[in-house]
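Presented below is the structure to which this report refers.
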Amino acid sequence: MIRQLSKTARALLALAALAALGAAGTPNEAGATPSHGIAMQGEPELPADFDHFPYANPDAPQGGRMIYGVFGTFDNLNPITVKSSLTTARGIWADPEFGSLVFESLLQRSADEPFTLYGLLAESVETDPDRSFVEFTLNPKAKFSDGTPVTVEDVLYTSEMLKDHGRPFYGIRLKKVAKIEKVGERGVRFTFNDQADRELPLLLAMMPILPKHAFPPEAFDETTLRPVIGSGPYVIANVQPGQSILYRKDPNYWGKDLPVKRGIDNYDEIRIDYFRDINTQFEAFKKGLFYVYLEGNPRHWQTAYDFPAVADGDVIKEAFKTQIPAPIRAFVFNTRRPVFSDVRVRRALSLLFDFEWANKNLYYGAYQRISGFFDNSELSSIGRPASEAEKGLLGDALKEVDRDVLAGTYHAPVSDGSGTDRALLRQAMEELKKAGYSFEGGKLVSPEGQPLAFEIMAQSADEERLALAYARTLARLGITATVRQVDDSQYQARKQAFDYDMLLFTYTSSLSPGAEQVNRWGSQSRDATGSFNYAGVADPAVDALIERIVKARDREEFVDAVRAYDRLLISGYYVVPLFYLPDKWLARWSFLKHPDETPVTGYYLPAFWLDPKKGGQAAGQR
């Protein structure tokens with residue numbers, strides 16, 4: 001269960017934080033006081049004098065070489081540029097699994113709270129109740145790996161360059177800043193304009209800080225395979241383009257004793273090997289060529305782990321509970337394409353994915369169905385009638401929300417598991433007739449005589465298998481869905497350019513959705529190259545609700561806004577929601593260890609370590 005603090009407890013923590021800060025905590029304007037951390041709503045759970053994150057072991061053994069194995073390729077070491085953004089080497093910055101090995105941000109996010117940040121490059125953060133500004137005071141010990149100090153000038157330069165040359169979401173955020181200025185020797189203040197929201201201080205705190213002297217303006221947004229300089233715990237030691245990248249612990253890393261770093265980044269070296277074929281990747285894991293396999297395929301989880309190392313206990317299978325909304329695995333409609341411009345067509349096609357058949361025949365019954373965008377959490381609208389507050393937030397968009405979605409009775413369709421459920425086929429046909437489709441020669445055609453046909457782009461054999469099952473059901477209504485599996489480089493290029501009819505994608509979820517939703521569903525990102533708005537959504541009502549989400553001051557207001565947003569997205573039928581796993585799975589070689597406590601996000605790989613007694617080598621490598 002997520003730890004929720006009472007108002008009294010939060011107040012006591014706030015007082016403790018002020019006492020610990022001493023003179024540095026003297027308010028310098030109404031309601032603004034420097035603090036050791038900042039939360040999206042309420043106060044940070046950990047006090048100012050906390051020793052380490054609860055999901056890290058401060059006494060974890062240090063050393064050894066950790067080896068990861070990933071699917072894909074890479075051709076770039078600059079994580080800021082839009083160019084080759086989807087083939088940037090893993091681990092450099094904000095990697096969802098491996099963390100930030102080279103670059104760092106002003107504050108560090110806790111994996112055990114909905115959205116709370118604590119000091120990293122900045123030792124304190126200050127804002128006012130209205131969050132009209134945020135001020136960071138840099139840690140005087142902060143240094144880049146070449147020994148130069150991290151300065152306010154680096155923060156100013158990074159902000160300016162990201163605004164004009166970084167990935168789209170950086171520009172969107174920084175356009176909400178009216179002024180950036182130096183305060184004293186180590187302070188930097190961002191003053192916001194009227195476009196800003198309450199999440200902006202946290203988002204700015206999480207942007208990477210680059211060394212001005214190592215990222216000249218003319219090369220800032222260029223791809224490179226030359227090792228880049230950051231302030232993080234590792235430096236890039238060796239690069240084999242498209243094959244592997246080796247990170248080596250910086251022996252002079254400035255932040256090793258910070259509370260946010262104790263028990264984190266425990267290896268002397270980290271190597272990430274790339275595999276172009278998933279089967280080859282798994283065979284390499286079985287041989288001990290890398291040490292942890294992150295599993296997401298139930299069929300594979302049930303059938304592929306019968307090799308000797310598992311039987312002997314050298315490889316351990318583990319399931320980790322999470323407390324975050326279910327990730328959204330879905331077929332995504334590209335509404336930029338005329339075939340998907342009519343919501344009635346999208347609604348009809350959403351009825352025709354047979355989850356019950358796929359779950360039984362392809363996935364050993366391991367999955368649970370997704371109905372909305374925040375399933376398995378208090379943020380979900382599923383099973384909950386809309387409150388009066390939600391209806392007020394929806395305003396004129398209330399008419400866009402389906403009645404059953406508004407009433408809380410909507411659920412994704414349930415079939416008889418045959419793959420040919422006649423009731424759902426009839427229901428889908430009725431929707432298509434409303435959109436003007438009719439049968440001609442055994443095919444569905446539009447009023448203009450165009451057949452209902454599209455391509456599903458797949459990245460792997462498993463995606464192809466699922467897409468073919470969907471296509472077979474569609475064919476029973478005279479709908480032609482062709483499935484094309486493409487290689488990784490082509491897939492990434494087409495995805496980034498929105499060059500597809502339909503694709504499979506998984507949207508990660510959190511207990512604190514916010515400005516990242518603009519990059520997924522906001523009008524500003526519809527035509528922005530490299531955005532995650534794969535569905536091509538551009539709806540002012542969606543934009544308005546995202547704004548209400550990020551401006552919410554308390555949890556109740558926030559939950560109402562997210563549930564209203566959930567209802568609007570569901571009723572837009574931008575995706576065919578598929579399924580999720582209730583647990584996160586991984587297999588690891590037994591010498592790879594982890595703390596007993598798991599954060600709300602599930603396993604946290606940067607807190608793992610190698611058992612020095614076993615030498616950090618798999619049986620096949622000894």
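The values are calculated or read from the model by the stated rules, or taken from the named source; none is laboratory data. Treat the numbers as computed from the prediction; the structure is a model and nothing was measured. Here Cβ is always computed from backbone atoms with ideal geometry, including for glycine, and neighbour counts include all displayed protein chains.
Of everything in the stretch 395-428 that's of a type in the set (A, V, I, L, M) and in contact with a Leu (Cβ under 7 Å, 6 or more places away or on another chain), which residue is surrounded by the fewest Cβ atoms within 10 Å (Cβ to Cβ)? Result: LEU425. Of a type in the set (Gly, Ala, Ser) and free of Cβ contacts under 8 Å to residues at least 60 places away in the same chain: is that true of ALA304 in this structure? In short, yes. Answer yes or no: is there a residue in the stretch 184-197 that is out of contact with any helix residue (DSSP H, G or I) (no Cβ under 7 Å at 6 or more places or on another chain), among the basic types (Lys, Arg) and surrounded by fewer than 22 Cβ atoms within 10 Å (Cβ to Cβ). Yes: the stretch 184-197 contains one or more residues that are out of contact with any helix residue (DSSP H, G or I) (no Cβ under 7 Å at 6 or more places or on another chain), among the basic types (Lys, Arg) and surrounded by fewer than 22 Cβ atoms within 10 Å (Cβ to Cβ). For the stretch 337-361, taking the residues that are acidic (Asp, Glu) and part of a loop (DSSP other than H, G, I, E, B), the one that is farthest from PRO96 (Cα to Cα) is identified as ASP342.
Yes/no per residue for (1) modelled with pLDDT of 95 or more; (2) under 24 Å from ASN139 (Cα atoms); (3) in contact with a Pro (Cβ under 9 Å, 6 or more places away or on another chain):
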{"position": "ILE172", "(1), (2), (3)": "no, no, no"}
{"position": "LYS179", "(1), (2), (3)": "yes, yes, no"}
{"position": "VAL183", "(1), (2), (3)": "yes, yes, no"}
{"position": "ARG186", "(1), (2), (3)": "yes, yes, yes"}
{"position": "ARG189", "(1), (2), (3)": "yes, yes, no"}
{"position": "PHE192", "(1), (2), (3)": "yes, yes, yes"}
{"position": "GLU199", "(1), (2), (3)": "no, yes, no"}
{"position": "LEU202", "(1), (2), (3)": "yes, yes, no"}
{"position": "ILE209", "(1), (2), (3)": "yes, yes, no"}
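Of the residues LEU156, LEU210, LEU203, LEU258, the single one that is among the aliphatic types (A, V, I, L, M) and assigned by TED's automatic domain parsing to the domain that holds ARG271 is LEU258.
For the stretch 261-291, give me each residue that is of a type in the set (Val, Ile, Thr) and surrounded by fewer than 21 Cβ atoms within 10 Å (Cβ to Cβ). Across the stretch 261-291, the qualifying residues are ILE278, THR280. Restrict the check to the stretch 392-408 and report whether at least one residue is assigned by TED's automatic domain parsing to the domain that holds GLU556, in contact with a Lys or Arg (Cβ under 8 Å, 6 or more places away or on another chain) and free of Cβ contacts under 8 Å to residues at least 24 places away in the same chain. For the stretch 392-408, residues assigned by TED's automatic domain parsing to the domain that holds GLU556, in contact with a Lys or Arg (Cβ under 8 Å, 6 or more places away or on another chain) and free of Cβ contacts under 8 Å to residues at least 24 places away in the same chain: present. For the stretch 232-258, the set of residues classified as within 21 Å of ALA56 (Cα to Cα) and either out of contact with any strand residue (DSSP E or B) (no Cβ under 8 Å at 6 or more places or on another chain) or not in a strand (DSSP E or B) (or both) consists of GLY232, PRO233, ASP250, PRO251, TYR253, TRP254, GLY255, LYS256, ASP257, LEU258, listed by residue number.
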